[in-house]
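The values are calculated or read from the model by the stated rules, or taken from the named source; none is laboratory data. Bear in mind the structure is a predicted one, so any value in this text is a computation, not a measurement. Neighbour counts are summed over all protein chains in view; Cβ atoms, including those assigned to glycine, are modelled from backbone coordinates with ideal geometry. These area figures cover heavy atoms from the full protein model, side chains too; ligands, DNA and RNA do not enter into them. Shrake-Rupley method; radii C 1.70, N 1.55, O 1.52, S 1.80 Å.
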Amino acid sequence: MASKDADPSLGYLTRKDTEVKLPRPTRVKNKTPAPIQITAEQILREARERQEAEIRPPKQKITDPTELADYRLRKRKEFEDLIRRVRWNQSVWIKYAQWEESQKDFNRARSVWERALEVDYRNHTLWLKYAEVEMKNKFINHARNVWDRAVTLLPRVDQLWYKYIHMEEMLGNVAGARQIFERWMSWMPDQQGWLSYIKFELRYNEVERARAIYERFVQCHPKVGAWIRYAKFEMKNGEIVRARNVYERAVEKLADEEDAEQLFVAFAEFEERCKETERARCIYKFALDHIPKGSAEDLYKKFVAFEKQYGDKEGIEDAIVGKRRFQYEDEVRKNPLNYDAWFDYIRLEESVGNKGRIREVYERAIANVPPAEEKRYWQRYIYLWINYALYEELDAGDMERTRDVYRECLKLIPHEKFSFAKIWLLAAQFEIRQLNLKGARQILGNAIGKAPKDKIFKKYIEIELQLGNIDRCRKLYEKYLEWAPENCYAWSKYAELERSLAETERARAIFELAITQPALDMPELLWKAYIDFEISEGEYERTRGLYERLLDRTKHLKVWISYANFEASAMEENDESSDLPQDGVQEYNHEAKKECVQRARRIFERAVNYYRTSAPELKEERAMLLEDLSCLKKLKKRKQITSEDGGVTGYVTPYHLLLFFCKLLGSLMLLFSAFPASLVVFLNQTIRNRENQATNLKILEAAYKWKKQKITSDDE
């Protein structure tokens, strides 16, 4: 009884019985290289030398018909058995038929070929071998029969037609070969078949037949290459008129094809060879106008070379412009949002001067609207519209188109998100140049209503002011301030307008209203303008009141210096307006000067006290109080001080006043860099002693006692 582990597929042996036990590989202990090394080539050579000679069957010589019959029977049986096993193998059939051919038994060979064709008649190799056997053995009719059957069953195999025609032509049967070509052409083969037919006719000098075949060829294959071959055929035969006619017919039919560039180049080169340069130039220009720019690179190169060879200066420039136009077309085709390329392209067209083409390029350029509604993407794009409008106005002189350009541009811009003051102002200025003041006001009014901007307000007010419409200016300033109440520039200009109209109270009221605004962008400019206004009006008390109000808001260094400068300069204004008698003028001047110096000194004292008590860390500001050049210029002059009875009690030099201010400030390192070093040391020491007098009193007392004790000890 068989074992349970036995496997029927293994002859009822177990898996263990069938395992192949390989010897355990020995571990190589010595891995050092052998003293004698051998190569792979040596191993292969030794194996070849030791190989035994191949055993070949002995050659048999057949001496009588009986042995031949036996050999043939045995061989045929082998082939038949082989065919029975691999019926689909073509090489077996071919070997079988060729063996029968070698035995000169052609009937049997034909039988084998026919049997093979019954198995796979679509295999054109069998037909070729079959026909070659018939031709080799000069069975012409049999070969014709085979070729005829082959081209009937496989009309799309060009090799069968070529072989068939070649056989007839080799036999001198030109009419039969032509008839085979006609049968083939009825199947509309590819171009090579037609060209073979044409070459066949030309070999026998049948030009008219070849021309007729060309006509059928271009009808069957209406391609650029076919027409060019036809035209070159006519040119080769000296038929220039016919060749030109062929090219013209081709242009009529294939002008819109993708490969029309090749046709136009060939046509132009044909006219060039015929010395028809004007015709060639017209063909090039016609082609450049009709072929898409992206597929005319070779055409541009040919045209430029043609113009350099045959054209004048103007023609060469036109060719170069065409080449540059092609480059720009390629750039804008790759990236339509490249506005710099559009600007260059437009500049090129404007240099040529063709209005139609310029407008076309402008329209194509402005059609590429930026995809995102963000101003940074529109900043270059908007200049396309501006240049378009300026071109229509200045170069083309078409005012209606200019107005339409401005109108369409203003419609396109999303004013609720952003706007461009430049385009509003250009549109308004255009209407003013056209004497359409109402239209300009309407445009600027729409701009203020939709997208108010500083530039629009300023320009609108400037226009109305030039026209003398004061009421409109006041209304515009009111709108301006309603839109931007924090704009100090608008307040200042409004007050300046009222002052120029001698409306002092209105100007003062505007200034008062301005400084009461809760938020201002540049309040220092507004306060300065207000103060300058009051000074120009001679209202010194009002000016002092403004300075005091300003100091309530800020204690900035410049405010203090400006206040002191005002007090110092107020004296000169009083001198000019003085109407005292001649005897008292000198005395009044001295008193006024003393008063001005005292007021300026009080301002400086207040400033120094503020910085000393409230902001002691601002030492630089304390030093900078004397940097005002106007005060220093006034201090450089010697000032006489008179007593109550009119006598001169002494002189106040700039040094004395400067020393006084230095004692108040406490630091002159920044100011006295231009003074002598000894003076600087002396002043610094004086200031340091003054500042440290209270804090260092105990130290000074101790030093005094130590000095006194040292002197006493020395005396003893």
Can you tell me which condition Gly172 does not meet? The list is (1) over 27 Å from Glu234 (Cβ atoms); (2) open to solvent by 20 Å² or more (accessible area, probe 1.4 Å); (3) part of a helix (DSSP H, G or I), and all the others hold.
(3)
Tell me the helices (runs of 4 or more DSSP H) entirely within the range 351-446 that contain at least 3 residues that are free of Cβ contacts under 8 Å to residues at least 40 places away in the same chain.
355-366, 381-390, 399-412, 421-433
Helices (runs of 4 or more DSSP H) lying entirely in the range 25-126 (those with 3 or more residues that are among the acidic types (Asp, Glu))
40-50, 65-85
Read through the list (1) part of a helix (DSSP H, G or I); (2) open to solvent by 30 Å² or more (accessible area, probe 1.4 Å); (3) modelled with pLDDT under 90, then give the number of the only condition that Ile456 fails.
(2)
Collect the residues in the range 188-214 that are in a helix (DSSP H, G or I) and of a type in the set (Ser, Thr, Tyr), keeping them in residue-number order.
Ser196, Tyr197, Tyr214
Name the residues in the range 134-169 that are in contact with a His (Cβ under 9 Å, 6 or more places away or on another chain) and open to solvent by 70 Å² or more (accessible area, probe 1.4 Å), would you?
Gln159
Within the range 200-207, is there a residue that is open to solvent by less than 60 Å² (accessible area, probe 1.4 Å), within 28 Å of Glu269 (Cα to Cα) and under 51 Å from the mean Cα position of the chain (by Cα)?
no
Within the range 215-249, work out how many residues are in a helix (DSSP H, G or I) and either open to solvent by 20 Å² or more (accessible area, probe 1.4 Å) or touching a Lys or Arg at 6+ places or on another chain (Cβ under 6 Å) (or both).
17
Under 7 Å by Cβ, and 6 or more places apart or on different chains, what pairs join a residue from the range 464-491 that is at positive phi and polar (S, T, N, Q) with one that is at pLDDT 85 or above and open to solvent by 90 Å² or more (accessible area, probe 1.4 Å)?
none
Go through the residues of the range 536-557 one by one and say whether even a single one is at pLDDT below 80, open to solvent by less than 30 Å² (accessible area, probe 1.4 Å) and part of a helix (DSSP H, G or I).
yes
Going by the structure shown, is Trp194 within 25 Å of Arg242 (Cα to Cα) and surrounded by 15 or more Cβ atoms within 10 Å (Cβ to Cβ)?
yes
Can you find even one residue in the range 256-270 that is over 14 Å from Ala226 (Cα atoms) and assigned to a loop (DSSP other than H, G, I, E, B)?
yes
Inside the range 477-519, can you point out the residues that are more than 22 Å from Ile448 (Cβ to Cβ) and open to solvent by less than 50 Å² (accessible area, probe 1.4 Å)?
Thr504, Ala507, Arg508, Phe511, Ile515
Over 30 Å from Arg115 (Cα atoms) and at pLDDT 85 or above: is that true of Glu80 in this structure?
no
Residues being farther than 18 Å from Asn354 by Cα and in contact with a helix residue (DSSP H, G or I) (Cβ under 8 Å, 6 or more places away or on another chain) - total across the range 319-337
5
For the range 250-262, check the following and say yes or no: at least one residue is open to solvent by 30 Å² or more (accessible area, probe 1.4 Å), within 24 Å of Met185 (Cα to Cα), touching an Asp or Glu at 6+ places or on another chain (Cβ under 8 Å) and free of Cβ contacts under 8 Å to residues at least 60 places away in the same chain.
no
I need the full set of residues from the range 138-165 which are among the small types (Gly, Ala, Ser) and closer than 13 Å to His124 by Cα, in order please.
Ala150
Quickly run through the range 520-529 and pick out the residues that are open to solvent by less than 60 Å² (accessible area, probe 1.4 Å) and assigned to a helix (DSSP H, G or I).
Pro523, Leu526, Trp527, Ala529
Counting only residues that are charged (D, E, K, R) and open to solvent by less than 50 Å² (accessible area, probe 1.4 Å), which one in the range 98-133 is modelled with the lowest pLDDT?
Asp105
Taking the residues in the range 271-300 that are of a type in the set (Lys, Arg) and modelled with pLDDT of 80 or more as candidates, determine which candidate is surrounded by the most Cβ atoms within 10 Å (Cβ to Cβ).
Arg281
Which one of Tyr530, Tyr547 is under 55 Å from the mean Cα position of the chain (by Cα), more than 19 Å from Ile461 (Cβ to Cβ) and not polar (S, T, N, Q)?
Tyr530
